[in-house]
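Have a look at the structure below, then the notes.
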Amino acid sequence: MKIAIHSKKTRKEGFWFNLVNTIVLTLFSLIIIVPIWNILVSSVSSNAGLASGGLMLWPQGFTLENYTKVFSDSSIPKAFGISVLKTVIGAGTHTLFCAIVAYGLSKSRLIGRRLYTSMGVITMYFGGGMIPTYLLIKSLGLLDTFWVYIIPALFSYYDCVILMNFFREIPDSLEESAKIDGAGEWRIFTSIYLPLTKPALATIVLFNGVGQWNDFMTTKLYITKQYLYPLQMKIYEIIVNSNLSNMTQSGSTDVVFKATTRGVQLATIVITTVPILIIYPLLQKHFIAGMMEGAVKE
Amino acid sequence: MVWPGVIFMVIFNFIPIYGIITAFKHYTIVDTMSSAPWVGMENFKTIVSDQFFWQSVRNTLAISFLKLAIGFVIPIVLSVMIFELKNMRFKKIVQTISYIPHFFSWIVLGGMLISWLSTNGFFNQILMALGIIDKGTNHLLAGNQYWWIAVLSDLWKEVGWGTILYLAGMSRIDPTLYEAARIDGASKVTQVRTITLPLLGPIISLNLILTVSGLLGSNLDQTLVLMNSQNQDYADVINSFVYRMGLTQGDFSYATAVGLGISVVSVILLIITDRITRKLNDGHSVIV
């Protein structure tokens with residue numbers, strides 16, 4: 001009898017809890033999605049529409065002019081090319097490099113394993129900082145080269161740990177029987193370990209790829225040549241530089257000019273972000289498992 | 001097969017750590033590491049008398065601790081709420097939407113913020129539609145609003161992403177625990193307090209440690225995008241100060257000395273947080 005009373009009470013409480021919960025989370029989702037919608041809508045609005053100042057939840061004077069303007073600038077497709085190259089090459093080499101090291105570190109018979117893992121942990125929490133790293137990159141002759149996007153980004157101990165945890169789950173018996181059949185370490189790595197950990201490798205490729213696509217600090221720190229600029233640096237130039245000069249100017253004459261550039265800026269932003277939003281659904285299936293392995297196990 | 005990794009770490013992680021000796025030298029663009037003269041603590045003495053350094057320290061502390069106070073708790077609350085959703089389809093939609101902003105770079109989000117916060121931007125449009133203000137102002141030009149802009153935009157970007165680990169952790173909690181609690185008449189809030197939060201302890205601790213150790217070193221790309229001549233007094237953080245001193249003005253030694261200061265304080269913060277979380281997790285460290 002007592003139990004029945006309680007469950008009735010908790011059921012009623014559960015109803016209100018669910019209702020409030022659903023309302024709050026609906027509001028939360030709107031706070032995330034509506035401002036993004038506003039950017040999309042503004043990027044296909046005319047200059048006059050942008051300057052009108054009304055609530056922008058629908059295009060004001062629909063036009064694709066902003067987009068044609070962006071694509072008429074020949075440096076944008078070039079920057080797009082650099083972005084694609086650094087993303088594909090960077091994510092591929094990073095993942096392979098980490099996997100090779102993780103394979104070695106996952107073997108408990110490795111001599112000096114403790115030393116290497118403590119070196120790795122140190123790199124996760126302590127670094128030389130911006131200037132010593134800059135001086136190193138400079139003395140390696142990597143300034144103003146495409147390779148500065150790839151080589152310093154080859155390895156991350158964090159990703160290595162994630163892969164190590166996956167490699168350790170592979171039974172030793174597989175490796176032993178391959179050895180009896182005469183397979184060497186490299187053969188075992190490429191024909192047993194890599195194929196069996198495809199989901200983990202995919203996670204690292206996708207995460208690192210997003211990182212490469214979004215990275216702009218590398219360019220800002222080490223690149224001065226325009227032809228090596230990726231899209232992110234291009235937006236930085238378009239947005240930050242033009243706004244620095246625009247915002248400090250006041251006066252009614254530049255309102256139209258400001259609005260024009262804003263439409264173009266937003267179109268550039270949309271173009272830069274769309275590739276990520278396209279691969280995002282592919283990503284979503286994998287990243288939860290990958291993140292759990294990395295953070296909770298070790 | 002570990003050699004490539006070891007060599008990589010020696011070159012790209014440990015040589016820069018050795019490079020910290022620059023902080024005790026007078027190193028300019030024409031010098032090499034060995035030719036630069038030793039100056040002892042002189043760079044540090046100049047730093048403590050530099051008002052722009054202290055300004056950047058103040059801004060970093062204010063922004064970072066606001067981010068920690070707000071940005072650390074909200075994802076935990078949010079994940080509990082998402083976890084309790086009964087409608088699986090709605091749950092999936094909320095999660096999918098909440099992760100999106102994490103995939104925007106700070107440059108992209110910075111561009112969006114410049115648009116939203118501008119004189120006739122979306123933020124002012126909403127305020128005007130609600131009748132709160134009559135005429136828009138550019139919020140990024142108002143220095144005294146900058147800390148909140150920095151904190152809330154970071155929250156907006158990362159709050160959904162911050163729920164992933166917690167949600168994954170919650171899905172591993174044995175459902176019979178909740179069943180038993182419900183039969184005993186425990187309310188939802190009691191269930192969360194006595195079952196969910198204690199079992200999430202290690203994940204919360206790990207997150208706290210990672211957040212705190214990165215506290216002073218963060219905010220650089222956000223600052224580089226959102227800072228302008230009008231809000232600089234409130235926007236300049238230690239890292240943007242280092243960037244300006246070192247790479248724009250070429251004072252490598254001075255900038256390295258500031259960077260070393262951040263690293264030392266960060267390691268101290270890391271150790272303190274580790275000690276605290278060890279107590280909460282029955283003496284076990286969640287790092288190493």
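The values are calculated or read from the model by the stated rules, or taken from the named source; none is laboratory data. All of these numbers come straight from a predicted model, not from anything done at the bench. Please note: Cβ atoms are built from the backbone with ideal geometry, for glycine as well, and neighbour counts cover all protein chains shown. Note: accessible area is taken over every heavy atom of the protein model, side chains too, but ligands, DNA and RNA are not part of it. Shrake-Rupley method; radii C 1.70, N 1.55, O 1.52, S 1.80 Å.
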Within the stretch B:7-19, can one find any residue that is of a type outside the set (D, E, K, R), modelled with pLDDT under 90 and over 24 Å from A:Gly127 (Cβ atoms)?
no
I'd like the residue in the stretch B:120-141 that is free of Cβ contacts under 8 Å to residues at least 12 places away in the same chain and of a type in the set (Gly, Ala, Ser) and, out of all such residues, is farthest from A:Tyr280 (Cα to Cα).
B:Gly131
Yes or no: the stretch A:73-86 includes at least one residue that is under 12 Å from A:Ser42 (Cβ atoms) and more than 20 Å from the chain's Cα centre (by Cα).
no
Neighbours by Cβ (under 8 Å, 6+ apart or cross-chain): first from the stretch A:136-160, among the acidic types (Asp, Glu); second open to solvent by less than 40 Å² (accessible area, probe 1.4 Å) and assigned to a loop (DSSP other than H, G, I, E, B)
A:Asp144/A:Ile223
Among the residues of the stretch B:62-84 satisfying the criterion of being open to solvent by 30 Å² or more (accessible area, probe 1.4 Å) and within 14 Å of chain A (Cβ to nearest Cβ), which is nearest to A:Ser29 (Cα to Cα)?
B:Met81
When you scan the stretch A:106-135, how many residues do you find that are among the polar types (S, T, N, Q) and touching a residue at least 24 places away in the same chain (Cβ under 8 Å)?
2
Looking at the stretch A:55-63, is at least one residue more than 28 Å from the chain's Cα centre (by Cα), outside any helix (DSSP H, G or I) and modelled with pLDDT under 75?
yes
The stretch A:186-209, residues that are open to solvent by less than 70 Å² (accessible area, probe 1.4 Å) and over 25 Å from B:His102 (Cα atoms)
A:Ile188, A:Phe189, A:Thr190, A:Ser191, A:Ile192, A:Tyr193, A:Leu194, A:Pro195, A:Thr197
It is to be established whether one or more residues within the stretch B:213-230 are farther than 24 Å from A:Val20 by Cα, within 11 Å of another protein chain (Cβ to nearest Cβ), touching a residue at least 24 places away in the same chain (Cβ under 8 Å) and acidic (Asp, Glu).
yes
Among the residues of the stretch B:130-172, write down those that are assigned to a helix (DSSP H, G or I) and within 22 Å of B:Pro202 (Cα to Cα).
B:Glu158, B:Thr163, B:Ile164, B:Leu165, B:Tyr166, B:Leu167, B:Ala168, B:Gly169, B:Met170
Pick from the stretch B:85-94 the residues that are surrounded by fewer than 20 Cβ atoms within 10 Å (Cβ to Cβ) and facing chain A (nearest Cβ under 9 Å): which of them is nearest to A:Gln284 (Cα to Cα)?
B:Ile93
Return a yes/no flag: does the stretch B:101-115 have any residue that is more than 24 Å from A:Phe207 (Cα to Cα) and either among the polar types (S, T, N, Q) or open to solvent by 30 Å² or more (accessible area, probe 1.4 Å) (or both).
yes
One residue from A:Val41, A:Val84 being surrounded by 15 or more Cβ atoms within 10 Å (Cβ to Cβ) and out of contact with any helix residue (DSSP H, G or I) (no Cβ under 9 Å at 6 or more places or on another chain):
A:Val41
Of A:Phe126, A:Phe166, the only residue that is within 10 Å of another protein chain (Cβ to nearest Cβ) and either farther than 23 Å from A:Thr219 by Cβ or at pLDDT below 90 (or both) is A:Phe126
Could you look through the stretch B:116-132, keep only residues that are polar (S, T, N, Q) and open to solvent by 20 Å² or more (accessible area, probe 1.4 Å), and pick out the one that is farthest from B:Ala142 (Cα to Cα)?
B:Asn120
Wholly within the stretch A:119-215, which helices (runs of 4 or more DSSP H) include no fewer than the required count, namely at least 3 residues that are more than 30 Å from B:Leu247 (Cα to Cα)?
A:157-168, A:172-180, A:185-188, A:198-214
Within the stretch A:101-118, the residues that are open to solvent by 40 Å² or more (accessible area, probe 1.4 Å), in a helix (DSSP H, G or I) and not polar (S, T, N, Q) are A:Arg113, A:Arg114, A:Leu115
Please state which of the following conditions A:Tyr103 fails to meet, knowing it meets all the rest: (1) within 23 Å of B:Gly110 (Cα to Cα); (2) touching a residue at least 60 places away in the same chain (Cβ under 8 Å).
(1)
